[in-house]
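Q: Quick one: the structure is below, questions incoming.
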Amino acid sequence: MKKTFLLALALWGPTLAWAATPTARQILERMDKNTFSQTQVSISTMTVHGERGDRNMTVQTWTQGKDRSFSLYLAPARDKGTKMLKLGDKLWIYYPSADKVVAIAGHMLKNSMMGSDLSYEDLMENSSLVEAYEAQLVGEETLLDRKVWVLELTAKEPERAYQKRKLWVDQQQYLALRQELFAQSGMLLKRIEVKEVMATAKGWYPKRVLFKDVLKTGLGTQWQIEELELDPPIPASRFNKSSLGR
Amino acid sequence: MVALGVALCVLLEAWMSGARNSYIETNALLSTGHVKIQTAKAIGDHQEKALDLALLGLGDLVGELEKNQPDLEWVPRVYFGALLDASLNETGTQAPVAGMGFALWGGKSEVERLKLRQNLTQGRLPVEPNQALVSDRLFKTLGLHLGQKVTMIGSDFNGSMAVVNLEVVGTLRFGVAQLDKGALVMNLGDVQRVLALEDGATELLGFFKAGRYLPERAAALAKHYNLEHHSGETPFGPRMLTLEEQNDLESLLKTVEATGAATTWVFVLVLGVLLLNAGLMGGVRRYGELGLRLALGESKRHLYLSLVAESLVVGLTGCTLGLALGLPFALYLQNHGLDLQGMITGQTAMLISDTIRAEVSLKTLAAGLLPGLLAPLLGSSLAGLVIFGRDTSQLFKELEAT
């Protein structure tokens, strides 16, 4: 009996251990599932904690998959009516003050989006982490009293904005509670921290996130979701260039 | 010889002084002011044009300065980088521009100070919001026409994109290569509104109402102001710089000044030595004549004084002719200048005007009169000293021998 138990342990032990600790790829797939929906409509507030004061913006965003989104700035008055349309790897911004559509391309993609710690390039991240990066599980830690896996990601393509990422993924909620984004040289470029999460029909979703461009002064940009609707119907015309305009 | 030498000295001194003052005035007018106030961080980080480091609370700042420093005029300006888009709908033909926000109308208009009317090459000055001037070169690069609508795309004080449509109403040429490449001039109020800098400016320039740069006064003022405002202790607090403390101007101006002074005074010295030598040789050549005049009974003192007087007359005549020859040229260069466009190459922090003007002053006259008058006088005086060493009893023997 004892021999049979030991044999079973020898045969099933590694499998049981595997079942307890998923691979890096599995973790990323679960994370994608957690936040992915066919369509999304959200209203968020973005607070830029600048060196010389805070600035708040409110934006309504319609998203379809990973590569189509349309944003409309609702406040403040100065930015009200500004629209952004992302279609694949193309991005346009409509400025109501000049009634002008500006195509954001080339070096402009690296510029700060609305003065925040996010760049337009961040907005252009179309691929899921599984598709874009090779991942490696490098350890387990405790972060904010929660058990997390530590993952190191290396970009599959050299043109990716961040060549390396380090993720601290909550073992229960499958959300990256902290991310560090690096350049090819290994220089830290950005830090992302999830400050608050919310439950959705699909799982857990980051409600309040702090983005910090470490090359920029200030205390970072907080992005907070005020309203979120998953998988609502969105007319195709929403993601048409004709929707940019008065 | 005296006349030619004096003319050259006058011309050289006027040119060198003019060039130095031209550098100072051009830089003061377009970049440094006689003094300038910026945030300590903008100065410390060498990011003088960074909008996010701009001065805020401008109204209070100017009010305080006007009250405490009434001998200066305080002028806010905004300098910024942007793109100018000439296409009508979506973005298309673009060029980078060096944007400048000057007060173009109202009580503190800078139109006269910056000679904007004189610098207009076509069109007119902006008189309404959202009108702009562009440099001639930019106008041609983008293939614009007067009245055309263009879009300025830049970053505002918050780092957001700033986009505004402008009507190009005129073109201008500052005569400074660094600015004429891609200048965009807008009214200060427009720039402040578009760049979310309503009560701010990238810099606040101070100009002495006396109309010229007073280095000692500027240095004392800046020292006092910075002490009073604990400048440097708070990153966004104001800090005052003198003209020389900006754009490496102190060392550049010292070099220009030293080179100019050395060139002028070496020339004056060489001319002085030449004229001194000429005076000496004149006296030596007249050795026989002087002996004869002594033999005929003329007193040594009278002879010496007549020699000195002659050299004085020669010097005065030479100086008069020299000034008559050199001054009109110097005055012409003072009024019209010399256009060196295309000859100024390379990058320097100092703004150099394409047209350099001479400057005639008392120093100019001194540079001409000093060698012109004194050198022949000194030469004759030295040469004449031999008169007193000659023995009257030997004069006939010397005359017989010659």
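The values are calculated or read from the model by the stated rules, or taken from the named source; none is laboratory data. Source: prediction; values computed, not measured. We place every Cβ from the backbone using ideal geometry, glycine too, and count neighbours over all the protein chains shown.
Q: Out of the residues in the range A:86-97 that are surrounded by fewer than 21 Cβ atoms within 10 Å (Cβ to Cβ) and either modelled with pLDDT under 90 or away from chain B (no Cβ under 12 Å) (or both), which is nearest to B:ASN165 (Cα to Cα)?
A: Per the stated criteria, the residue is A:SER97.
Q: I've got another one for you. Are there strands (runs of 3 or more DSSP E) fully within the range B:152-236 with at least 3 residues that are within 14 Å of chain A (Cβ to nearest Cβ) and either farther than 25 Å from B:LEU53 by Cα or modelled with pLDDT of 90 or more (or both)? List them.
A: Fully inside the range B:152-236 and qualifying: B:161-172.
Q: Show the residue pairs that are 6+ apart or on different chains and have beta-carbon atoms under 6 Å apart, the first residue being within the range A:49-66 and over 19 Å from B:LYS41 (Cα atoms) and basic (Lys, Arg), the second being modelled with pLDDT under 95 and not in a strand (DSSP E or B).
A: Cβ pairs passing all conditions: A:ARG55/B:ASN158; A:LYS66/A:ASN126.
Q: While we're looking at this one, here's another question. Consider B:LEU221 against the criteria (1) out of contact with any Asp or Glu (no Cβ under 8 Å at 6 or more places or on another chain); (2) without any contact (Cβ under 8 Å) to a residue 12 or more places away in the chain: it satisfies all of them except one. Which criterion is unmet?
A: Result: B:LEU221 fails condition (2) only.
Q: Just for the range A:154-169: of the residues that are of a type in the set (A, V, I, L, M) and buried (at least 20 other Cβ atoms within 10 Å of the Cβ), which one is nearest to A:ALA132 (Cα to Cα)?
A: A:LEU167
Q: If only one of B:ALA40, B:ALA28, B:ALA19 is more than 24 Å from the chain's Cα centre (by Cα) and either touching a residue at least 24 places away in the same chain (Cβ under 8 Å) or away from chain A (no Cβ under 14 Å) (or both), which one is it?
A: B:ALA40
Q: Determine whether B:PRO96 is touching a residue at least 24 places away in the same chain (Cβ under 8 Å), part of a loop (DSSP other than H, G, I, E, B) and assigned by TED's automatic domain parsing to the domain that holds B:ASP180. Full working, then the answer.
A: Values: touching a residue at least 24 places away in the same chain (Cβ under 8 Å): yes; part of a loop (DSSP other than H, G, I, E, B): no; assigned by TED's automatic domain parsing to the domain that holds B:ASP180: yes.
When the stated conditions are applied, B:PRO96 does not pass them.
Q: Where residues in the range A:98-151 are within 14 Å of chain B (Cβ to nearest Cβ), free of Cβ contacts under 8 Å to residues at least 12 places away in the same chain and small (Gly, Ala, Ser), which of them is nearest to B:THR93 (Cα to Cα)?
A: Taking the candidates together, the pick is A:GLY106.
Q: Suppose we filter the range B:112-126 for residues that are free of Cβ contacts under 8 Å to residues at least 24 places away in the same chain, assigned to a loop (DSSP other than H, G, I, E, B) and on the phi < 0 side of the Ramachandran plot; how many remain?
A: Summing the residues that are free of Cβ contacts under 8 Å to residues at least 24 places away in the same chain, assigned to a loop (DSSP other than H, G, I, E, B) and on the phi < 0 side of the Ramachandran plot in the range B:112-126 gives 1.
Q: Looking at the range B:126-135, which of the residues that are out of contact with any helix residue (DSSP H, G or I) (no Cβ under 6 Å at 6 or more places or on another chain) and buried (at least 16 other Cβ atoms within 10 Å of the Cβ) is nearest to the other protein chains (Cβ to nearest Cβ)?
A: B:ASN130
Q: What are the residues in the range B:87-118 that are within 14 Å of chain A (Cβ to nearest Cβ) and surrounded by fewer than 21 Cβ atoms within 10 Å (Cβ to Cβ), if any?
A: Those that are within 14 Å of chain A (Cβ to nearest Cβ) and surrounded by fewer than 21 Cβ atoms within 10 Å (Cβ to Cβ): B:SER87, B:LEU88, B:ASN89, B:GLU90, B:GLY92, B:THR93, B:GLN94, B:PRO96.
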